[in-house]
1. Give me the 1.4 Å probe accessible area per residue for region 1-131, excluding ligands and nucleic acids, in Å².
2. Using a basic spin-label model with each label point 7 Å from the Cα along Cα→Cβ, how many nm lie between residue 19 and residue 190?
3. Quick check on region 125-215: what does the Kirkwood estimate of hydrodynamic radius come out to from the alpha carbon pairs, in Å?
4. With the Cα gyration tensor of the chain giving a ≥ b ≥ c as the square roots of its eigenvalues, does the rule (a/c under 1.5 for rounded; else a/b larger than b/c for prolate; else oblate) give rounded, prolate or oblate?
5. Which whole-Hz couplings ³J(HN,Hα) result when phi for each residue of region 264-273 is put into the Karplus expression 6.51 cos²θ - 1.76 cosθ + 1.60, θ = phi - 60°, listed in order with x for Gly and Pro?
6. Using a cut-off of 16 Å between alpha-carbon atoms, which aspartates and glutamates can reach residue 102, once sequence neighbours fewer than 8 places away in the same chain are excluded?
7. Please report the spacing between the Cα centers of region 128-158 and region 44-70 in Å, no decimals.
8. So how much slack lies between residue 226 and residue 27, counting 0.36 nm per residue of separation and subtracting their Cα-Cα distance, in nm?
Amino acid sequence: MAQPPPDVEGDDCLPAYRHLFCPDLLRDKVAFITGGGSGIGFRIAEIFMRHGCHTAIASRSLPRVLTAARKLAAATGRRCLPLSMDVRVPPAVMAAVDQALKEFGKIDILINCAAGNFLCPAGALSFNAFKTVLDIDTSGTFNVSRVLYEKFLRDHGGVIVNITATLGHRGQVLQVHAGSAKAAVDAMTRHLAVEWGPQNIRVNSLAPGPISGTEGLRRLGGPQASLSTRVAVSPLQRLGNKTEIAHCVLFLASPLASFVTGAVLVADGGAWLTFPNDVKGLADFASFSAKL
Ligand code: HXC
Ligand code: NAP
């Protein structure tokens, strides 16, 4: 059975929702979600809230998280705290986590979803471009995890889910920066699962494939015709949607996964196994000159 649940393209809540899991699954839990103002992170916040959770959503743009928080609270009746912070700036992360703890008194779940990406051949990528993506995806994930561990999780336990990608599983053209960054996060997942398991902290990764209605797909999908061809040869022969990813993250964050830690759950319809790796696509970027 592989029928996707309905979804909508933009950063809006679902007009209707049918629970597949128990509606009380996260009753009165609190989740801190980086990148929760848009795309996959927004839908994770919504689905968590539809299962009883309160959320803090954090990203750089205050207007973005303010708007998102209003929509999320109105659609679900749960509380959502919007926070402006850059995951690359530890003092800003500390201040945001303090604010969330002041508002809710606890944080049970951390979702590291903030990321940055673009298509660029390795030979044209500046040192700073590579570093920027590693800083956001990899150091950002560590920074937020480390701050939350210090301020709450070490003493109370909890769950961390890192949103990664399958780019580095085979090596994907135009993606050395993001593939390296996300592979490092998957390694971090295992390290932290080992070190923090005794404190009753579970740490897992969720690696989505190409997901409709997201900035990631808009930036990386390429021309529609070529994307359709690539999707057609993948095992489930379609894109995933944000709700499907949110359901997987909900599973990992919930007591249903109480004995799961250090795992990478790939949710991509089998795409990484078959996706053509378009080496010819590199030619489209031939006009780029290396900028060091
Ligand atoms: C080459 C680029 C570039 C591009 C930026 N740079 N965009 N190089 N091609 N398209 C270079 C810049 O020239 C600069 O290097 C360095 O990267 C930093 O750029 P800034 O603009 O100063 O960085 P910053 O303002 O921090 O913005 C970060 C960003 C931006 C990643 C560049 O795009 C961003 O904020 N993205 C967030 C949203 C996002 O990317 N969402 C998609 C996530 S999808 P120089 O040398 O000039 O100083 C995803 C995985 C999907 O993560 C997997 C799909 C299957
Ligand atoms: P998105 O909407 O652009 O999500 C990225 C979020 O991260 C944005 O809300 C952005 O908000 C925030 N962010 C970026 N840089 C930040 C920083 N320095 N500090 C704090 N927040 C920052 O893209 P998406 O496609 O939904 O991607 C969500 C996650 O899924 C990412 O981890 C991505 O790598 C992963 N993923 C996506 C796909 C896909 O097909 N879309 C596939 C595989 C993996 P601000 O701009 O306000 O900071």
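The values are calculated or read from the model by the stated rules, or taken from the named source; none is laboratory data. Please read all numbers here as calculations on a predicted model, not as lab measurements. Quick reminder, even Gly has a Cβ in these numbers, built from the backbone with ideal geometry, and neighbours come from all protein chains shown. In case anyone asks, the SASA skips ligands and DNA or RNA and just uses the protein heavy atoms, side chains included. Shrake-Rupley method; radii C 1.70, N 1.55, O 1.52, S 1.80 Å.
1. Counting only protein heavy atoms, the per-residue value for region 1-131 is 46 Å².
2. So the two model labels end up 3.7 nm from each other.
3. 14.0
4. prolate
5. 10, 8, 8, 10, 9, x, x, 4, 5, 6
6. Answer for residue 102, where 16 Å is the Cα cut-off: 28, 150, listed by chain and number.
7. So the two Cα centres are separated by 19 Å.
8. Length difference between fully extended and current span is 67.3 nm.
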